[in-house]
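Throughout, read-outs are computed from the coordinates displayed, never taken from laboratory work. Every value quoted in this text rests on a predicted model; they were computed, and no experiment measured them. Here the Cβ is made from the backbone with ideal geometry for all residues, glycine too, and neighbour counts use every protein chain on show.
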Amino acid sequence: MTKVEIALPGQAADADALALPVAQPLGGDGAKIVDEKLGGRLARLGESGELRGERGEAVLLHLNGELDAPRLVAAGVGKREEVDADALRTAASATAQALSRVGGTLVWLLDESLPVPLPEQAAALVEGTILGSYSPGRWKAKNETKAPERIVIGHADDPELRAAVERAAIVAERANRARDLSNMPPNELTPHTLGERAKELAAEHEHLTCEVLGTRELDDLGMGALSAVGRGSRNEPRLIVLRYDPPGARDDMLLGLVGKSITFDAGGISIKPSGGMQDMKGDMSGGAGTLHGIGALAALGTPVRAIAALAAAENLPGGDAFRPGDILRAANGKTIEVINTDAEGRLVLADALWYVRREGATHVLDLATLTGAMELALGDLYAGGFANDAEWGELVVEAGRRSGDLIWPFPLHPRYRRYIDSSFADMKNGSTLRQGSPALAAEFLHEFAGDGPWMHVDMAGPAFLERSRGDYLRVPGGTGWGVRLIAELGRLVA
Ligand code: BES
Ligand code: MN
Ligand code: ZN
């Protein structure tokens, strides 16, 4: 884990690189002081057009003793008056990438003239550095990318600044752990091994416990929907439950977090086309975000009680697989006609939503890579949110805005219910019409969300990238989506 410290520039021993945000127009306060020591090198790079200060630009200079480090990265943050946390995260991520052969100690210089308060500035730089130094190449025999071992914020020590950067480091590390889970190949990550990971996480934290329910327990609870999805694979389904019960938490709230955790989605009997199917290892990203989200609450000591339920299964077309035409009975007693076995996420979530309510969850949030249409609609940036309670929905959206896990509100409306009316059962799991797939899926989940505030977040787009997003997420694969959201939501409700 990356160490984070605060020390005055020049007092941070053994710096391998200094970095500073550079805003447009060039020559502003922070950069000016540095450039005086560099004899105008930055200004000359500006004149030649090599340094522009654009968002996401990182120019690496090798120094000869002009400053207290052998390297300097000039990190573009765009127009001075438009600089925000996103610009700083992006600049820091680009800097981490520019230094991926260096590792060691990175010292960030802050710029008091930017329109972002120093604690937020430092937090965004730490977060961006850690997210940007993530490498998805863990399975290479020789992975040569290096992350900084130490990030130093170049400033006089200050309690508010310290709290902000420590928090940012914890949350970003947890997001990277969630990315590891999403990127883990499905031959390594099964519902069983995901449960083992959850137990390991719980063992790290005093007030976090984990319980893994297997096929027997799922049968006893009547979870016919989750069980059915898992039947086509030898890797049996699990309901992975974590409980966070910190001292001093308000007793009128139990946050219920539910994550879709399909460790591989081949579609089942309604098998998917082969192109791109490898990315369906990322179909447990809702679970990854939920797991490390509740882990982040525990690591931060956020005083809010929470329960997380990861509905884990592998959706394969095995000889015992569930089929189109099957009628399933979910734990809440409702029956579901299967139209398409590839609409498996809503089935596993149905039983998990019921479970967290039964355990007393007052406010529920589910995260799921649920529909391809959500990715078509919003691309890799926003997730879509469907809430049955305006206040709760707005709070989750606000947590997204503050954290960078962006959510755009979508309609939850009872008239979408007719798309899933079945002639034989209480409902069917899909429609034959090519219409409103994310909204009717939300209405399906609504049948299982119980009473009280609930929001469904369809994160099919931003959960797993096919290519760099060009901001602070610069590598393909899992993004850790949901970890920063849950950490921020905890801060808002605690
Ligand atoms: N996991 C997929 C959704 C998905 C697709 C996520 C692409 C990320 C990228 C989900 O289980 C699925 O297959 N959904 C189907 C539902 C349909 C069969 C009703 C879809 O959206 O096509
Ligand atoms: Mn599917
Ligand atoms: Zn799926």
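Between SER274 and ARG329, take the C-beta separation as r, use R0 = 45 Å, and let me know the FRET efficiency to the nearest 0.05. List each step's numbers first, then the result.
Values: r = 33 Å, r/R0 = 0.73.
Result of the calculation: an efficiency of 0.85.
Built from the Cα atoms of the range 3-155, the convex hull projects on average onto 8.5 nm², one quarter of its surface area. For the range 453-494, applying the loop criterion from DSSP together with a ceiling of 11 other beta carbons within 10 Å to the trypsin sites (Lys or Arg not before Pro) yields ARG467. For the range 330-360, backbone nitrogen atoms closer than 15 Å to the point 7 Å from ASP451 Cα along Cα-to-C-beta are found at 357-360.
Antiparallel beta bridges, as assigned by DSSP with both residues in the range 362-494, represent about 45 percent of the total such bridges.
FRET efficiency for LEU63 and ALA156, Cβ-Cβ distance as r, R0 = 30 Å, nearest 0.05?
Values: r = 24 Å, r/R0 = 0.79.
Between LEU63 and ALA156 the formula returns 0.80.
Assign one of three labels to the range 125-236, namely rounded, prolate or oblate, based on the Cα gyration tensor with a ≥ b ≥ c the square roots of its eigenvalues; rounded applies when a/c is under 1.5, prolate when it is not and a/b is larger than b/c, and oblate otherwise. Oblate.
Maximal additional length on extending the ARG417-GLU54 stretch stands at 125.9 nm, based on 0.36 nm per residue less the C-alpha distance. Projecting label points 7 angstrom from Cα along Cα→Cβ for GLU217 and GLU200 puts them 2.0 nm apart.
Each 10 Å bin from zero holds the following percent of Cα-Cα pairs in the range 378-419: 29, 47, 21, 3.
Using only Cα atoms and rounding to the nearest 10 degrees, what angle (0 to 90) does helix 483-493 make with the longest principal axis of the chain? Compared with the principal axis, the helix lies near 90 degrees.
Relative to the longest principal axis of the C-alpha atoms of the chain, give the angle of the C-alpha long axis of helix 159-183, reported between 0 and 90° and rounded to the nearest 10°. The angle comes out at about 50 degrees. Annotation for the range 404-436 versus the range 13-56: alpha-carbon center distance of 52 Å. Separation of the range 194-223 from the range 256-334 is 14 Å, based on Cα centroids. With the contact rule set at Cα under 8 Å and sequence spacing of 6 or more, what percent relative contact order holds for the range 117-196? It comes to 46 percent, rounded to a whole number. The residues packed around HIS363, meaning those with a beta-carbon under 12 Å from its beta-carbon, carry a net charge of -2 if Lys and Arg are +1 and Asp and Glu are -1.
Structure note, pairs LYS3/LYS32; LYS199/LYS260; LYS37/LYS79; LYS260/LYS334; LYS3/LYS146; LYS140/LYS281: Cα-Cα distances above 26 angstrom occur for LYS3/LYS32.
Remark: the range 311-413 projects, on average over all directions, an area of 8.1 nm² (convex hull of Cα atoms). When the trypsin sites (Lys or Arg not before Pro) in the range 128-194 are filtered for DSSP coil states and for at most 13 other beta-carbon atoms within 10 Å of their beta-carbon, the remaining sites are ARG138, LYS140, LYS142.
Angle of helix 85-98 to the longest C-alpha principal axis of the chain, folded into 0 to 90 degrees and rounded to 10: 70°.
Once C-alpha pairs closer than 8 Å and six or more residues apart are averaged by separation and normalised to the residue number of the chain, the relative contact order reads 15 percent. Beta bridges assigned by DSSP with both partners in the range 224-347 are antiparallel in approximately 50 percent of cases. Along its first, second and third principal axes, ordered by size, the chain spans 79, 50, 43 Å in Cα coordinates.
Compute the relative contact order of the range 351-460 as a whole-number percentage, counting only Cα pairs closer than 8 Å that sit 6 or more residues apart in sequence. If you can, show how the numbers build up before the last one.
Numbers: 169 pairs, mean separation 51.6, N = 110.
Computed over the range 351-460, the figure is 47 percent.
Based on the alpha-carbon gyration tensor of the range 1-88 and its eigenvalue square roots a ≥ b ≥ c, which shape applies: rounded if a/c is under 1.5, prolate if not and a/b is larger than b/c, or oblate?
On the way: a/c = 1.89, a/b = 1.21, b/c = 1.56.
Oblate.
Couplings 3J(HN,Hα) of the range 145-150, computed from phi: 6, 10, 9, x, 7, 9 Hz, in residue order, whole Hz [Karplus 6.51 cos²θ - 1.76 cosθ + 1.60, θ = phi - 60°; x for Gly and Pro].
In a shell of Cβ-Cβ distance under 14 Å around THR209, excluding THR209 itself, what net charge do Lys and Arg (+1) and Asp and Glu (-1) give? Working shown, then result.
Working: positive: LYS199, ARG243, ARG305; negative: GLU200, GLU204, GLU206, GLU211, ASP245, GLU359.
So the surrounding residues net to -3.
Loop-located trypsin sites (Lys or Arg not before Pro) across the range 201-236 with a Cβ neighbour count of 15 or fewer within 10 Å are ARG234, with loop assigned by DSSP.
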